[in-house]
Amino acid sequence: MTDTPLFQYTLRLADTALILGHRLSEWVGHSPVIEEDLAFGNMGLDLIGQSRALYTYAGQIEGKGRDEDALAYLRDAGDYRNLLLVEQPNGDFANTMVRQLLYAAFAYPHFEALTRSKDEMLAAIAAKAAKEMAYHLRHAAEWTIRLGDGTEESHTRTQNALDELWPYVGELFEVDPVERALIEAGVAADPTALRATWDKTVDEVLADATLTRPRDGYMQSGGRTGRHSEHLGHILSELQFLQRAYPGATW
Amino acid sequence: MSDKNWPLWEVFIRTRNGLAHRHVGSVHAVDATMALHAARDTYTRRGEGLSVWVVPSNAITASDPADKDMMFEPTATKIYRHPTFYEIPDEVGHM
């Protein structure tokens with residue numbers, strides 16, 4: 001029971017949630033206004049909460065005694081299975097909001113679909129996460145509309161962010177043999193079935209925001225097999241430092 | 001970021017059904033929708049809320065602190081308005 005598809009799948013969900021949660025936490029103390037500082041903190045904690053539940057479950061599936069901390073703090077970048085989109089740098093405020101929009105527009109219907117999983121634990125975790133992602137989506141959508149349809153500068157920055165992040169959206173809908181097997185077993189949610197929903201959500205926001213949807217060109221891929229952008233190593237060096245330097249430290 | 005301050009909004013939260021909305025503080029936000037988000041993120045982080053109102057601060061008409069003698073002092077001597085002069089039989093219990 002080590003590297004089963006269910007373990008892999010749960011780990012992917014957990015890694016994506018943790019890395020995006022960490023990214024959002026980087027805004028704390030740096031946001032343009034205190035209200036948004038709290039919003040980032042709240043959303044970051046939602047995501048880290050999701051990752052904790054998923055890591056704990058992944059550890060149980062694996063059955064080797066690894067707990068949430070072991071999975072989060074003691075694996076190297078090559079063992080991480082998160083989507084490349086969520087490890088991209090925060091950039092400016094527009095960049096973070098567009099990344100949040102692109103991910104939440106996927107994660108919300110994805111977790112909703114996962115509530116119908118035959119795996120009861122995944123279904124239960126998904127039920128909680130879907131509510132959280134619904135708010136993330138609304139928040140990011142409202143901001144994207146205001147930034148895109150705001151000043152010339154905010155429009156330009158938001159469009160640039162969209163253009164930069166677009167090559168990472170293809171990976172959202174990838175299905176590899178691991179996931180295919182679980183979809184057929186009724187355990188995993190099929191991301192390809194969510195494409196139309198995602199397109200509609202994103203297109204509506206972009207239209208309101210007077211932004212131009214980028215053309216689908218070359219799409220980045222590799223998060224599912226541990227081939228990450230250079231950014232993940234930097235994230236982990238900060239996120240894992242304490243447990244690496246002082247193994248088992250608690251406070 | 002613009003140097004111009006965003007408008008201020010007063011936040012009211014209803015904690016449980018049957019209770020009234022209570023003023024809890026204020027937030028800055030560009031418009032009503034974002035004010036509602038900011039209020040949710042700022043004031044309902046510990047499960048405080050079932051319903052949130054936001055009101056533009058400049059929509060509130062407030063009494064002038066300089067008028068406080070005229071406005072409020074006259075009631076100080078009218079203690080008979082407090083319902084404290086009734087004998088309540090023990091059998092009534094807690095009211």
Could you check the stretch A:140-161 and list, in sequence order, the residues that are more than 15 Å from residue A:95 (Cβ to Cβ) and more than 10 Å from chain B (Cβ to nearest Cβ)? A:141, A:149, A:152
Set B:61, B:15: member being of a type in the set (S, T, N, Q), loosely packed, with under 10 Cβ neighbours inside 10 Å and farther than 27 Å from residue A:141 by Cα: B:61
Residue A:33 is checked against (1) within 14 Å of chain B (Cβ to nearest Cβ); (2) under 27 Å from residue B:46 (Cβ atoms); (3) modelled with pLDDT of 95 or more and fails just one. What number does that condition carry? (3)
Quick test for you: out of A:38, A:24, A:45, pick the one residue that is within 25 Å of residue A:201 (Cα to Cα), within 14 Å of chain B (Cβ to nearest Cβ) and either without any contact (Cβ under 8 Å) to a residue 40 or more places away in the chain or of a type in the set (S, T, N, Q) (or both). A:45
Within the stretch A:53-65, restricting to residues that are crowded, with 17+ Cβ neighbours inside 10 Å and not polar (S, T, N, Q), the one that is nearest to residue A:240 (Cα to Cα) is A:55
Checking A:211, A:147 in turn, the sole residue that is in a helix (DSSP H, G or I), modelled with pLDDT of 95 or more and among the hydrophobic types (A, V, I, L, M, F, W, C) turns out to be A:147
Being surrounded by 14 or more Cβ atoms within 10 Å (Cβ to Cβ), over 16 Å from residue A:118 (Cα atoms) and not aliphatic (A, V, I, L, M) is the filter here, so list the residues in the stretch A:171-194 that pass it. A:171, A:173, A:174, A:191
Those residues that are among the small types (Gly, Ala, Ser) and at pLDDT below 95, I need them from the stretch B:52-71; list them, please. B:62, B:63, B:66
Looking only at the stretch A:150-178, how many residues end up being in a helix (DSSP H, G or I) and farther than 30 Å from residue A:9 by Cβ? 10
Just checking, does the stretch A:136-149 include any residue being surrounded by 20 or more Cβ atoms within 10 Å (Cβ to Cβ) and among the β-branched types (Val, Ile, Thr)? yes
Filter result (free of Cβ contacts under 8 Å to residues at least 12 places away in the same chain, out of contact with any strand residue (DSSP E or B) (no Cβ under 9 Å at 6 or more places or on another chain) and more than 14 Å from chain A (Cβ to nearest Cβ)) within the stretch B:1-60: B:18, B:19
In the list A:85, A:147, A:101, which residue meets the criterion of being within 13 Å of the chain's Cα centre (by Cα) and farther than 18 Å from residue A:15 by Cα? A:101
Would you list the helices (runs of 4 or more DSSP H) that sit entirely within the stretch A:4-90 and hold 1 or more residues that are over 18 Å from residue A:230 (Cα atoms) and in contact with a Lys or Arg (Cβ under 8 Å, 6 or more places away or on another chain)? A:5-25, A:34-62, A:68-73
Does residue A:82 satisfy the criteria of being closer than 23 Å to residue A:157 by Cα, in contact with a helix residue (DSSP H, G or I) (Cβ under 8 Å, 6 or more places away or on another chain) and not acidic (Asp, Glu)? no
Restricting the search to the stretch A:186-205, which residues are over 25 Å from residue A:5 (Cα atoms) and among the small types (Gly, Ala, Ser)? A:196
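The values are calculated or read from the model by the stated rules, or taken from the named source; none is laboratory data. All values derive from a computational prediction rather than experimental measurement. Counting neighbours? That spans all protein chains shown, and the Cβs are built from the backbone with ideal geometry, glycine included.
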